[in-house]
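The values are calculated or read from the model by the stated rules, or taken from the named source; none is laboratory data. What you are looking at is a predicted structure, and each value in this text was computed from that prediction instead of being measured. Note that each Cβ is placed from the backbone with ideal geometry, even for glycine, and that neighbours are counted across all protein chains shown.
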Amino acid sequence: MGTLPLISYRHHIVSLVAVFLALAAGVALGGGPLSDLGRDDRAASATTTPKREAQRTADFGDQFASAAATTLYGGRLAEHRVAVVTMPGADADATTALTEQIGAAGGEVTGTYVVRPALTDPAQKSLVDTLGSQLMTQLGDAVDSTASTYPRLGGLLAVAATGTGADADAVRQSLAGAELVDTAKGATPAEIVLVVLGDHTDPAILAGLATGLAAKGTGVVVAGDTAAGAAGGDLAALRADPAADAAATVDGTDTALGQVTATLALIRALTNPGGSFGASGSSGAVPLT
């Protein structure tokens, strides 16, 4: 998928830490877990490589984000419910870390929806289309009747994650029965949705799903690792599709910095949809509003 140039990545980390410092003006840096960050009693070695320096800067950014996260969140997800949708190949550790950050912000994960490979397999489009048509007929105006295959499926996924009553139950059962999406037992309706990317997904399919989710009036954040935001990555393709503008995007979920950024994007999505954040984001390093 390609990697970010070393200098630009280092510049991003430095800029992002500066933003975090501005956001967390109330955090005392003189003691506690931040007191030892960045300290080095030895003079910089003449043999220190740019790669090593960049790694030290990146490590500082991750440590700072982890230490300042709770203050940055300010409990702004309190009493808000979040559904987590994991795409095929989503990293389990990153997903767990994101879930923990949602809790640190005061939010509640009401259910995890595991997208199975068949849903994103272009060869299975007929199955996806048939199921979507059947559910659209069954649910009436709960889903846009003019939507094409994958935006319609995204709308159905929004019903499953955020809907209530018989409609939501019917969609969950149908998606599970078709082996397209598995729903954790005890899932309850959410307000906003976090989509965690994994293996490569066809750009048209990903954009369709994101568009359908966002079209239901749900705050949607699509998050992927650093590579996903680089040229050729899934997030880069999604960001280039105007139809998906209503869904916010965040790259860097393989780092603590990216996980905190994704959580701040969820907070923002409560009142302000869309935006592109992270090392490759066009709206800025982190959501400020």
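Below is a table of values for the structure above.
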quantity: Pick from segment 153-190, criterion among the charged types (D, E, K, R) and surrounded by fewer than 20 Cβ atoms within 10 Å (Cβ to Cβ), ranking: farthest from His80 (Cα to Cα); calculated: Glu179
quantity: Hits in segment 207-225 (condition: in contact with an Asp or Glu (Cβ under 6 Å, 6 or more places away or on another chain) and either closer than 17 Å to Leu119 by Cα or modelled with pLDDT under 95 (or both)); calculated: Ala207
quantity: Segment 98-113 residues that are within 11 Å of Val260 (Cβ to Cβ), paired with ones that are assigned to a loop (DSSP other than H, G, I, E, B) and of a type in the set (Ser, Thr, Tyr) (beta carbon under 9 Å, 6 or more apart); calculated: Leu98/Thr253
quantity: Some residue of segment 112-135 being of a type in the set (Gly, Ala, Ser), under 16 Å from Thr86 (Cα atoms) and either at pLDDT 95 or above or in contact with a helix residue (DSSP H, G or I) (Cβ under 6 Å, 6 or more places away or on another chain) (or both); calculated: yes
quantity: Segment 141-162, residues that are assigned to a helix (DSSP H, G or I), farther than 13 Å from Leu119 by Cα and among the aliphatic types (A, V, I, L, M); calculated: Ala142, Ala158, Val159, Ala160, Ala161
quantity: Cβ pairs under 6 Å, 6+ apart, first in segment 170-181 and under 9 Å from Leu157 (Cα atoms), second in a helix (DSSP H, G or I); calculated: Val171/Leu156; Val171/Val159; Val171/Ala160; Arg172/Ala160; Val181/Leu175
quantity: Single condition Gly111 does not satisfy, out of (1) surrounded by 19 or more Cβ atoms within 10 Å (Cβ to Cβ); (2) assigned to a helix (DSSP H, G or I); calculated: (2)
